[in-house]
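Chemist: Okay, handing you the structure first.
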Amino acid sequence: MVETNVENERMQHLFMVLQKKMQSELEGARAVLEHTTTLGDTCELKWIDWLKKYLPERYCIDKAFIIDSKGNLSQQIDVVIYDRQYTPFIFNDGGAIYVPAESVYAVFEVKQTLNKENLEYAAEKAESVRNLHRTSTSIIHAGGKFAPISPKPLIAGILTYDCEWVNGLNDTFITNLKTLQGSKILNLGCSLTVGTFYINSESDRLQVSIADESLIYFFLKLFKELQKIGTVPAMDIDEYGKFLNYF
């Protein structure tokens, strides 16, 4: 029992170190950067860098637009978690990244504060991605061929430093979150100094963490949902090739 308690304390300490480090970095950016756009860009990069550091290397993370095989384009998304194994091309035009819809696992909007306006804005961003067309084709392997898989539901959410509501992630927040339905649903979000919310994709039950565990709770729930998705579908190259005259 003593060893178990020591192990628990060790893990809690490591989690707290990660939380405090991220919080300190975002606080530093807020204190130094007065220009709203510059602050926003800096915070986006910090979230992207943090996810790149701790998610497995199979996941790519960038700020990007999402494009589909019909030529439709999403709004620009602050944090996109995507796959490159079955999507052979990612466009990069002067620093603007365009990711095929098939490759996307999750999308997040980054804001300074969690409030009604930013929740709705993040939901609109999520909808602009979920409404895109995603193809799927078979995958050749050493033993034969895997049949095409159906695209899985996308994870979508919001990442903020603090929260505008005085009661945090309670009644007012929950009321506003529940107004986001269909393609606007936000499954997961972290308000670093307040807590993380998570809607279990299997039970639709809303769960909320305490403030001190917000970052690691967010990470573990995100990784759990990514594990449920498994692998994104292989994109149908023929569908994208239709834009060429002689494909």
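Chemist: Cross-link list Lys52/Lys116; Lys184/Lys224; Lys111/Lys242; Lys46/Lys224; Lys20/Lys152: which exceed 31 angstrom alpha carbon to alpha carbon? Intermediate values should be presented prior to the final figure.
Modeler: Working: Lys52/Lys116 29 Å; Lys184/Lys224 21 Å; Lys111/Lys242 38 Å; Lys46/Lys224 22 Å; Lys20/Lys152 34 Å.
Distance filter (> 31 Å) returns Lys111/Lys242; Lys20/Lys152.
Chemist: Translational diffusion coefficient, Stokes-Einstein: compute it for region 25-153 using the Kirkwood radius over C-alpha pairs as Rh, at 37 °C and 0.692 mPa s, and state it as an integer in µm² s⁻¹.
Modeler: Answer from the Stokes-Einstein relation: 202 µm²/s.
Chemist: Label-point separation (nm) for Asp236 and Glu117, each offset 7 Å from Cα along Cα-to-Cβ?
Modeler: 4.3 nm
Chemist: Follow-up. When the chain is fully extended, how far beyond the present Cα-Cα distance does Leu14 get from Asn170, taking 0.36 nm per residue of separation?
Modeler: Roughly 53.4 nm would be gained on extension.
Chemist: What is the local net charge at Ser201, summed over the other residues whose Cβ is closer than 13 Å to its Cβ (Lys, Arg +1; Asp, Glu -1)?
Modeler: +2
Chemist: Between Thr231, Thr175, Thr193, where does the largest GNM mean-square fluctuation fall for the chain, given springs only between Cα atoms within less than 10 Å?
Modeler: Thr175
Chemist: Length gain on complete extension for the stretch Gln227 to Ile90, per 0.36 nm per residue less the alpha carbon to alpha carbon distance?
Modeler: 47.0 nm
Chemist: Are there chymotrypsin sites (Phe, Trp or Tyr not before Pro) in region 81-166 that DSSP puts in a loop and that have at most 15 other Cβ atoms within 10 Å, and which ones?
Modeler: In loop regions of region 81-166 (DSSP not H, G, I, E or B), the sparsely surrounded chymotrypsin sites (Phe, Trp or Tyr not before Pro) are Phe89.
Chemist: I've got another one for you. Just to be sure I understand: with springs between alpha-carbon atoms less than 10 Å apart, which residue in Leu119, Leu220, Leu169 has the highest mean-square fluctuation in the Gaussian network model of the chain?
Modeler: Among Leu119, Leu220, Leu169, the largest mean-square fluctuation in the Gaussian network model of the chain belongs to Leu220.
Chemist: Quick check for me: using +1 on Lys/Arg Cβ and -1 on Asp/Glu Cβ, what's the dipole size of region 2-241 about its Cα centre, in debye to the nearest 20?
Modeler: 440 debye
Chemist: Pick from Val208, Val80, Val107: which is most flexible by mean-square fluctuation in a GNM of the chain where alpha carbon atoms under 10 Å apart are linked?
Modeler: Between Val208, Val80, Val107, it is Val208 that shows the largest mean-square fluctuation.
Chemist: So for the chain, Kirkwood radius off the Cα pairs, Stokes-Einstein at 37 °C and 0.692 mPa s: how many µm² s⁻¹?
Modeler: Once the numbers are plugged in, D ends up at 171 µm²/s.
Chemist: Sequence gap at least 6, Cα distance under 8 Å: using those rules, report the relative contact order of region 2-241 to the nearest whole percent.
Modeler: 19 percent
Chemist: Further, regarding this structure: Pairs of Cα atoms under 8 Å, at least six residues apart: use those to get the relative contact order of region 59-170, whole percent.
Modeler: 27 percent
We did not get these values from a lab; they are worked out from the coordinates using the rules stated. Quantities reported herein were computed from a predicted structural model and do not represent experimental measurements. Glycine also receives a Cβ, built like all others from the backbone with ideal geometry; neighbour counts cover every protein chain displayed.
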